[in-house]
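Here, each number is a calculation from the coordinates, and none is a lab measurement. What you see is a predicted model; the values in this text were computed from it and never measured. Because the Cβ atoms are built from the backbone with ideal geometry, glycine has one as well, and the counts that use them run over all protein chains shown.
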Amino acid sequence: MRSMSMAVLAAVAVLLTGCANQKEPAEKAVAQVEASLSSFKADAEKYSADELRGVEESIARLKGELASKNYKAVVMQAPNVRSTVAALKESVAKKKAETEEMLAAAQAEWTDLNTRVPEMVNKLQARVDSLTRSRKLPQGVDKAAFETAKADFEALKSSWAEAGAEFGSGMVADAVRRARAAKAKGEELMQKLGA
């Protein structure tokens, strides 16, 4: 009986030693995964929020296993979580690069539009003022069409001002979309009014 108790105690000791031997690698694995994620978490929140939530849930499960002292499970699951974090990091880097590329293109387009549209607005203003003073309208434009064109021109100026405000607020893509529409409307009005 005594030898049986000794055998049970020995088995428990081996089990505890095995668990204790796994504790440090388990803690280290969780710390490494958390450190890896924290190195790019801000960008992940910005570019891949949904994917980030999934990764954080995986890390939370890993930490739960660690808190439950299920060190073997932590050591076994950590490589999968680590590879999920690495995949997220790669995805975030790709999305960030694409966004920066699109932003650079939008800023270049804005620079061009910011030169052309104000010139167009000035020409149109001069033409509207001239036609208003002379009371002689271009061929094919009656008084009602001219009043509509003047209203469209006022809307164009408002739209251009809003585009400038959006650009100033850092909403570059929205500003460019609005500026493109303003440019198209300006070209249409220039043709209609013979500017």
May I ask you to list the aspartates and glutamates whose Cα is less than 18 Å away from that of K150, ignoring any residue fewer than eight positions away on the same chain?
E119, D129, D142, E187, E188
Would you please classify the overall shape of segment 38-140 from the alpha carbon gyration tensor, given that a ≥ b ≥ c denote the square roots of the eigenvalues, rounded means a/c under 1.5, and beyond that prolate means a/b larger than b/c while oblate covers the rest?
prolate
Computed from these coordinates, which is mean projected area of the Cα convex hull in nm²: (i) 18.3; (ii) 13.0; (iii) 15.8?
(iii)
Please list, or write none, the aspartates and glutamates whose alpha carbon is within less than 18 Å of the alpha carbon of K23, excluding same-chain residues fewer than 8 places away.
E34, E65
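Compute, for the chain, the length of the dipole vector about the Cα centre, with Cβ point charges of +1 (Lys, Arg) and -1 (Asp, Glu) only. Units Debye, rounded to 20. Provide the component values of the computation, followed by the final result.
Values: 30 positive and 27 negative charges, 19 e Å.
Approximately 100 debye in magnitude.
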When the chain is treated as a Gaussian network with springs between alpha carbons less than 10 Å apart, the largest mean-square fluctuation among Q125, Q139, Q32 is found at Q139
Angle between the Cα long axis of helix 172-193 and the longest principal axis of the chain, 0 to 90 degrees, nearest 10?
20
Around V30, under 12 Å between beta carbons, what's the net of Lys plus Arg minus Asp minus Glu among the other residues?
+1
Measure nothing fancy, just the Cα-based angle from helix 143-168's long axis to the longest principal axis of the chain, in degrees from 0 to 90, nearest 10.
30
Extension gain S83-R116, at 0.36 nm per residue separation less the Cα-Cα distance, in nm?
6.9 nm
With axes computed from alpha carbons, what is the tilt in degrees of helix 2-38 against the longest principal axis of the chain, rounded to the nearest 10 within 0 to 90?
20
